[in-house]
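J.: This is the structure I have questions about; it appears just below.
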Amino acid sequence: MLKLFIPIGVALALISGCKNTSNQDNNLDAGRVAASIEKNKTTLSDAMLLLGEPAFISVTEDGRKIAGFNLVNKAFTEDFSNNVIKGTMSFGQKSTLIPKMTKNIFLELDDNNVVRNYKFSGAAWVEKKYFFIKNEARITLDLDEILNKNVFTAEYIYNKHQRLLARNKYDKELRENSSTFENCEYRCQLYKNANDLYGTLYKLQTDSRVEPPGQK
């Protein structure tokens, strides 16, 4: 089978410009999912019985096939005690702050669509409404947060975000990547999480042509 590679980053650029609604919100517990997937035995079809349709099936630059799924997409009830907050963008002003969170799983598949490995990822951010709506203070979730933490507050997200900024204050790329993602919602965040784990991903299509990654 010949392959045509199209950079997912192109699709991501389009997605990030839209306020996407919750996509494939299964509300699945990551620990239960992990217990249900057996490496080198569970097939993609088996996994889809639990996870539903994948958000994407793509390949990495080195040829690994990846299927990405949303486990949980959630916006939390705003906590008015956090409306005046020491956040990175609030400047002491009263704003409506809505914490949001997504958790994802990425299945690494062999040529027979059997799961060779899998990785969890997740992100949380704050939707701030103050004259306009803006997403800010994105944090990447660690494994403990993915498996065990169910509720995220604006204060929690801002505090972790500030700690990450302090830790990475000399790394301009990390600083910019963790700061503000305007209009980037659940599906967009899933692609960002996938890119963080695997680098550039490419859309896989059957085609009669052979073209290198990134070429049309």
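J.: Once you place label points 7 Å from the Cα toward the Cβ at Lys134 and Arg32, how far apart are they in nm?
T.: That separation, rounded to one decimal, is 3.9 nm.
J.: Here's a follow-up. Could you work out how much longer the chain between Thr96 and Leu50 gets when fully extended? Use 0.36 nm per residue separation minus the Cα distance between them, nm to one decimal.
T.: Full extension of this stretch gives 13.0 nm more.
J.: A further question follows. Would you mind checking which residues have amide H under 5 Å from Leu71's amide H? H placed 1.01 Å from N; only 5 or more apart, or other chain.
T.: Lys103, Asn104, Ile105
J.: While we're here: Residues with amide H under 5 Å of Cys184's amide H, sequence separation 5 or more or different chain, H placed in the peptide plane at 1.01 Å from N; which?
T.: Asn135
J.: Taking amide H positions as placed in the peptide plane 1.01 Å from N, state which residues far from Leu201 in sequence (5 or more) or on other chains have amide H under 5 Å from it.
T.: Those qualifying (amide H under 5 Å, at least 5 residues apart or on another chain) are Ile8, Gly9.
J.: What are the ³J(HN,Hα) values, in whole Hz, obtained from phi via the Karplus relation 6.51 cos²θ - 1.76 cosθ + 1.60 with θ = phi - 60°, for each residue of region 42-55 in sequence order, with x given for Gly and Pro?
T.: Result, ordered by residue: 5, 9, 4, 4, 4, 5, 5, 4, 8, 9, x, 5, x, 5 Hz.
Bear in mind that the values in this text are calculations on the coordinates, not laboratory data. This is a predicted model, so every value here is computed, not measured. Note that each Cβ is placed from the backbone with ideal geometry, even for glycine, and that neighbours are counted across all protein chains shown.
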